[in-house]
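Structure, as structure tokens:
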Amino acid sequence: MNSAVAALKRSNFGKAGRQGAKALFAFTARSLQQASTLLVTLLAARFLPPAQYGIYSLGIVFIVLVQTMTYTGFYQFILTTKDDDKAVLSTCFWMIVGLVSLASLGLALAAFPLEWIFQAKPLGTVLLLLALIQPLASIGAWSSAALLRRGEIMRNFTVMFAQNLVALVGGVLLLWFWHSIYALVAFRYLRVMTGAVLYAALGRDRPQLLFRKDLARKATAFSVGLYGSRLLNFLARYAADLLLGLLHSPAAVGLYRFGSRVATGATDVINQPMLSFAATQFGAAARQDKDLAKPLARFAGTITLLSGMVGAVIIVFARDVIAIFFQTSYMAALVVTYAMALRGAASAGQMLVEPAFAAMGRTGWVMLFDMVATAVSVAAIFIASPFGLEALAWTQATVVLGTSAWAFWLLNRRGHLHTQPAIRAFAGAIALSVGYGLILLACQYELATLSWAPLPTLGTGLSVAVLVGIAVVVLAARLRLFSFQAFSG
């Protein structure tokens, strides 16, 4: 009997270990895209002045607008609809590629007029080159959605991991030996082309000459609200860059985007993979008619804790990182970094509106939420922009905290979800993140009293942050504010 119990325990332990390893790999694969983009663009800030960095940042703002059409709408319809697999995949392939191709053509035609409007040469050439590769990127997005729909989760993560690892290594080498804005363009090309080759070799599905009009109408009705929502999200997130470019200069955009990139790039390493996990898990729960309040609470606590801890690390160590690794001209962006780190930590409620309402098939509420949130955000940007980077950044952080609170209210009143566990997890995760940040601040103060060189001091501080962070995650899991179940799908 004892041997049987021991064998069962070993079996359960082995199963838990395998699940944990899969979850870690899935998260790594998801987050490596954000990590590679962050590292490469930060490396660019080491070699490029703020004005050149600002021109590339303006270009990426418009590319992000095209990419919002790639990973939402029809992409999410593939994940959530119960219709026939073959018809869904084939119809949505032509719709995704067609929509992105039209958007890319529009951007290519607008490239040089935009360069003239912003007085930012060579913005037109950068935009034209980046627009040309977007249709190929949309094929990779469709392949990813097809694998996730068929349950080939680990295969999809394997492709993502390899794609982003190649892009990271290639991007670093490109910038190290070619100190040019076009090295960043080449980095984008490398990522897209690597993904296209890998999905073609390892994907389970191929495009078919099948297009069902009834399914296309259904997918369009499902997606309109989501596309409208993403457009509004885009305006809320990037209106500041556009206004700074128009009212001030590309250098101001460069400083703002650098400060924002240090913070949002790091928190996006957490938030973007978790948002993908959320879309998949909410979609699966909806197809199986399960209660959506459980994944809502699971992701509200997990996202907030992880992004809050990353934000705490950024706030405590950002000054030292900029002083050691970047040009001193970027120190002016530090206040933007602090505000954006807090904004990322407060965004969980806002992030979860889309996957939750999409799973319910009520995407109109997503668009309404983002319409109001964007109106408030853009109005705040117009008011704050003339007062400089600091006022602009802190205004944005305040707006996101308010819209996250409203998001939970909307999910409760209009989505009819039991949101109290999610709110409790959100508040508890914020409290733990604040405590974690205070511990790191105390450690940094003690390290500052030692006569060490800057780099060893920073390395020691970050090592302490990792060790304390592990302890905080374990504590949060025991308090049910953090769930490893979020790292799947």
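The values are calculated or read from the model by the stated rules, or taken from the named source; none is laboratory data. The model shown is predicted, which means the values in this text are computed figures rather than measured ones. Reconstructed Cβ throughout: ideal geometry from the backbone, glycine too, with neighbour counts over all protein chains shown. These accessible areas exclude ligands, DNA and RNA; they are computed on the full protein's heavy atoms, side chains included. Shrake-Rupley method; radii C 1.70, N 1.55, O 1.52, S 1.80 Å.
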Would you confirm, using the coordinates I've provided, whether R343 is part of a helix (DSSP H, G or I), charged (D, E, K, R), touching a residue at least 12 places away in the same chain (Cβ under 8 Å) and surrounded by fewer than 19 Cβ atoms within 10 Å (Cβ to Cβ)? no
Count of residues meeting criterion [open to solvent by less than 10 Å² (accessible area, probe 1.4 Å), under 15 Å from the mean Cα position of the chain (by Cα) and of a type in the set (A, V, I, L, M, F, W, C)] in the range 295-309: 2
Scanning the range 365-399 for residues that are under 21 Å from G283 (Cβ atoms) and either crowded, with 24+ Cβ neighbours inside 10 Å or touching a Phe, Trp or Tyr at 6+ places or on another chain (Cβ under 8 Å) (or both) gives W365, V366, F369, D370
Give me the helices (runs of 4 or more DSSP H) completely within the range 85-169, filtered to those with at least 1 residues that are among the polar types (S, T, N, Q) and in contact with a Lys or Arg (Cβ under 8 Å, 6 or more places away or on another chain), ordered by residue number. 85-118
Tell me, yes or no, whether the range 13-24 has at least one residue that is open to solvent by 30 Å² or more (accessible area, probe 1.4 Å) and at pLDDT 75 or above. no
From the list L401, L410, which one is assigned to a helix (DSSP H, G or I) and out of contact with any Lys or Arg (no Cβ under 9 Å at 6 or more places or on another chain)? L410
Does the range 169-184 hold any residues that are open to solvent by less than 30 Å² (accessible area, probe 1.4 Å) and under 21 Å from the mean Cα position of the chain (by Cα), and which are they? G171, L184
Verdict on L352 being crowded, with 24+ Cβ neighbours inside 10 Å and closer than 21 Å to G73 by Cα: yes
Does F317 fit the bill of being aromatic (F, W, Y), at pLDDT 85 or above and either more than 27 Å from L255 (Cα to Cα) or surrounded by fewer than 24 Cβ atoms within 10 Å (Cβ to Cβ) (or both)? yes
S229 - would you say it is of a type in the set (S, T, Y), under 22 Å from D85 (Cβ atoms) and out of contact with any Ser or Thr (no Cβ under 6 Å at 6 or more places or on another chain)? no
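Is it the case, given these coordinates, that Y338 is open to solvent by 30 Å² or more (accessible area, probe 1.4 Å), of a type in the set (F, W, Y) and touching a residue at least 60 places away in the same chain (Cβ under 8 Å)?
yes
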Residues of the range 201-224 being polar (S, T, N, Q) and either modelled with pLDDT of 80 or more or crowded, with 16+ Cβ neighbours inside 10 Å (or both), in sequence order, are T220, S223
Within the range 413-433, which residues are surrounded by fewer than 17 Cβ atoms within 10 Å (Cβ to Cβ) and either free of Cβ contacts under 8 Å to residues at least 60 places away in the same chain or under 11 Å from G301 (Cα atoms) (or both)? R413, R414, H416, Q420, R424, A427, A431
Restricting to the range 445-483, count the residues that are over 30 Å from F277 (Cα atoms) and either among the basic types (K, R) or open to solvent by 50 Å² or more (accessible area, probe 1.4 Å) (or both). 11
Return the pairs, sorted by first residue and then second, in which the second residue is aromatic (F, W, Y), the first residue lies in the range 468-489 and is in a loop (DSSP other than H, G, I, E, B), the beta carbons are less than 7 Å apart, and the residues are 6+ apart or on different chains. F487/F27; F487/F277; S488/F277; G489/F277
Top-ranked residue of the range 129-160 - restricted to ones that are free of Cβ contacts under 8 Å to residues at least 40 places away in the same chain and surrounded by fewer than 20 Cβ atoms within 10 Å (Cβ to Cβ), ranked as nearest to L32 (Cα to Cα): G151
